[in-house]
1. How large is the charge dipole for the chain, taken about the Cα centre, if only the Cβ atoms of Lys, Arg (+1) and Asp, Glu (-1) carry charge, to the nearest 20 debye?
2. Show which lysines lie in cross-link reach of residue 230 when reach means a straight Cα distance below 26 angstrom and same-chain residues fewer than eight apart are skipped.
3. For the chain, set up a GNM with springs between Cα atoms under 10 Å and report which of 143, 156, 123 has the largest fluctuation.
4. Putting +1 on Lys and Arg Cβ atoms and -1 on Asp and Glu Cβ atoms, find which of 155, 183, 77 reaches farthest to the positive end of the dipole of region 64-254.
5. What is the order of 250, 73, 151, fewest Cβ neighbours within 10 Å to most?
6. So how do 211-224, 82-95 stack up, highest first, on mean other-Cβ count within 10 Å?
7. Could you list 203, 235, 188 so that the one with the fewest beta carbons within 10 Å of its beta carbon is first and the one with the most is last?
8. Could you name the aspartates and glutamates in cross-link range of residue 163, using Cα to Cα under 16 Å and dropping any fewer than eight places away on the same chain?
Amino acid sequence: MLRYQHDFRDYSVASLRRRMRQALERFDCATLSQLQDRILHEPAMFLQMLQFFTVQVSEMFRDPAYFRALREKVVPVLHTYPSIKIWVAGCSSGEEVWSLAILLEEEGLLERTMIYATDINVDALAAAEAGIYAVDRIAQFSDNYRRSGGKRSLSDYYTAAYKGAIFDRRLRRHFVFADHSLATDSVFSEVHMVSCRNVMIYFNKDLQDRALGLFHEALVNRGFLGLGMKESLHFSRHAGNFRELCQAEKIFQRA
């Protein structure tokens, strides 16, 4: 933390151990001390290590039922606001950000929406901002989009070029990308929805509580929180601050 201003002390121990074993093999280090020495003395090495500390696995419209529930349960309430702010915390390489933009465009909300997309991995943020994904991933993205209640064809939102799918720059006008750590940083804006999916499963209980506290502080009264399918508010000290809106899809509302 003192060297690079990142704090991983409250990440899940089991997850960190697994990732450190992978890093030792990747960087041909015999011991953790050797790996630590390289990280402390080679700044470029730390940037590479972020790929191990953070999990960059996502897809567009991942868990289609979640996005269908947003259309059916959350969008009608968002329509009541003159302007909307959404925070995607731990946005990884941006698949969820672009998915939300497409959903909001189809529901007539994007023009009055700003999406704040944050992550601690600057390389992931750059990829998210670029909005370019491998062509061989598009079939899965398209199937997810259809099952999530998509109203058009996903191909309406991208151009195929250079073995990649480049998503519509008009959507990009509604994004703000920023480096933000749930472990050390504070709330930066009042928002109507937070989507933090498949991030807190890598945190210990203390860090989960800290993150949920940030989300509660950021959300407007009766604002929405979306979590990953394996995540829960149960046993959190903030459980009483939210009510369950869609149990199976893990969508909550600020109490």
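1. In total the dipole reaches around 460 debye.
2. Of all the lysines, those that pass the test against residue 230 - Cα under 26 Å, at least 8 places apart if same chain - are 73, 85, 205, 250.
3. 156
4. Positive-most Cα among the choices belongs to 77.
5. By the 10 Å Cβ count, ascending: 151, 73, 250.
6. Output ranking for 211-224, 82-95: 82-95, 211-224.
7. Numbers: 203 21, 235 9, 188 14.
Lowest to highest Cβ neighbour count: 235, 188, 203.
8. In chain and number order, the partners are 136.
Each reported figure results from applying straightforward, stated rules to the coordinates on display, with no laboratory input. For clarity, every value in this text was computed on a predicted model and none was experimentally measured. Ideal geometry is used to build each Cβ from the backbone, glycine not excepted, and the neighbour counts take in all protein chains shown.
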